[in-house]
Structure formats: C-alpha cells, structure tokens
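See structure below.
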Amino acid sequence: MTRNLLPTRMRILCLMAHGVDVRIFDMVYPRHRKDVEYYHGSVTDLQALQMAVMDVDAIFHLAAVADVKDVYSDPHYAEAINVRGTINVLEAARRGKISRVIYGSTTWVYSDVLDAEVDENTPLRSPSHLYTAMKVASEHYCQAYAKLYNMDVTILRYGIPYGARWGVSH
C-alpha cells in the first residue's frame, strides 16, 4: 500500500477503489470521507506541509485558486497559493524524500497558442491571463525541481471537469 497526499474527492474515490491509503492536506475539511487521514492547512505553510507529507510515497498537488474571477480580483493571494504553494509542495517533497510529485496544471496553458492542434511539446506563448501565467510558472518550477533535485515530477494538463461531482460551486 502507498500513502498519497491529495485534495480532491474524485481522486480519493479512484485511489481507494484500488486499495491505496490516502492522506488529505487541505484548507477545507472533507465532508464526504471520514475514512481518510486528514491534515488541515494551506500550501502556503511549508512547515504544515512537511508534517503532512511524512511517510508518503507520492503527492498529487491539486491545490489552487482556480476560479479565474478570484484570480483576477485578488492576484496577490492567488499567486501565493498557485505559485509559492507549488514551490512549497515541491520543497516539502524534496526535504521529505518523496519519490513522486504529480502536479495538476491546466489545458489553459495553451490558450494563447495559435496552432489548431497542440500536445505537450507545443511551445507555449506568453500568457494573457494571470491564472494561465501562474500555471505556466508552476510548471517551470516543477521542471526545475525535477532537473535540479532528480525528482520524479509529472505535469498533468487537465481539461475542464464536468459531471455530478465536479465541484461544490457548480
């Protein structure tokens, strides 16, 4: 069994269905799962992150200010969560000798690309939105940590979620 750190219900359900022990680190208490280990905190708090990742094998980093209206109205706060929070997750992983980090980015990093078709090798253009800029910056930090510290980092560029469990605000 492995222990993983992640903040989203669907991934919890999928991982638990495959026999994975799950640990949540989030600012919001889980409403639906009482059978997972939970640490309350923010990705802006490196010390709390380090405590939460002790003895885990992998981190699914999905914490973000993802609503573009929230990013636009308070870019300073959004940057603290989206960029510096990512650095903290990577640093907690490095210090804790975590074998794997999976970073949840977005397909919006392609929003300013002129090509009709894109893939992970498509060069990104300068972002025209703060949210996209923050995601691109965080991807660069992930790549730098992978190179400098020989970390196994995977970047997933998620599309827009849909369905019955895609979020409390929808």
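For Glu117, Glu79, what ranking results if the residue with the fewest other Cβ atoms within 10 Å of its Cβ goes first?
On the way: Glu117 7, Glu79 17.
Listing Glu117, Glu79 from fewest to most nearby Cβ atoms yields Glu117, Glu79.
What share of the DSSP beta bridges in the chain is antiparallel, in percent to the nearest 5?
Numbers: 0 of 19 bridges.
Taking every DSSP beta bridge within the chain, about 0 percent pair in antiparallel fashion.
Dividing the alpha-carbon Rg of the range 3-158 by 2.2 N^0.38 Å yields what? Can you show the working numbers first?
Working: Rg = 15.6 Å, N = 156, 2.2 N^0.38 = 15.0 Å.
The range 3-158 yields a ratio of 1.04.
Rounding to the nearest 10 and keeping the result within 0 to 90°, find how far the Cα-based axis of helix 130-148 lies from the longest principal axis of the chain.
Roughly 60 degrees, rounded to the nearest 10.
Going by C-beta contacts inside 10 Å, put Val36, Val89 in order with the fewest on the left.
On the way: Val36 15, Val89 28.
So the ranking, lowest neighbour count to highest, is Val36, Val89.
Ranking Cys142, Cys14 by Cβ neighbours within 10 Å, fewest first, what do you get? All intermediate terms of the calculation are to be shown ahead of the outcome.
Numbers: Cys142 23, Cys14 12.
The order, fewest Cβ neighbours first, is Cys14, Cys142.
Through the Karplus equation 6.51 cos²θ - 1.76 cosθ + 1.60, θ set to phi - 60°, convert the phi angles of the range 43-48 into ³J(HN,Hα) values in whole Hz; use x for Gly and Pro.
After applying 6.51 cos²θ - 1.76 cosθ + 1.60, I find 5, 7, 9, 4, 4, 5 Hz.
Note down the magnitude of the dipole of the chain about its Cα centre, charges +1 on Lys and Arg C-beta and -1 on Asp and Glu C-beta and zero elsewhere, to the nearest 20 debye. Intermediate results must be reported in sequence, preceding the final value.
Numbers: 18 positive and 19 negative charges, 86 e Å.
The calculated dipole for the chain is roughly 420 debye.
Within the chain, what is the longest stretch that has no trypsin sites (Lys or Arg not before Pro) placed in a DSSP loop and near at most 11 other beta-carbon atoms within 10 Å? Working shown, then result.
On the way: sites that count: Arg31, Lys34, Lys97.
The longest uninterrupted stretch comes out as 98-170.
A short reminder: the numbers here are calculations on the coordinates, not readings from a lab. Note that the structure is predicted; figures quoted are calculated from it, not measured. We place every Cβ from the backbone using ideal geometry, glycine too, and count neighbours over all the protein chains shown.
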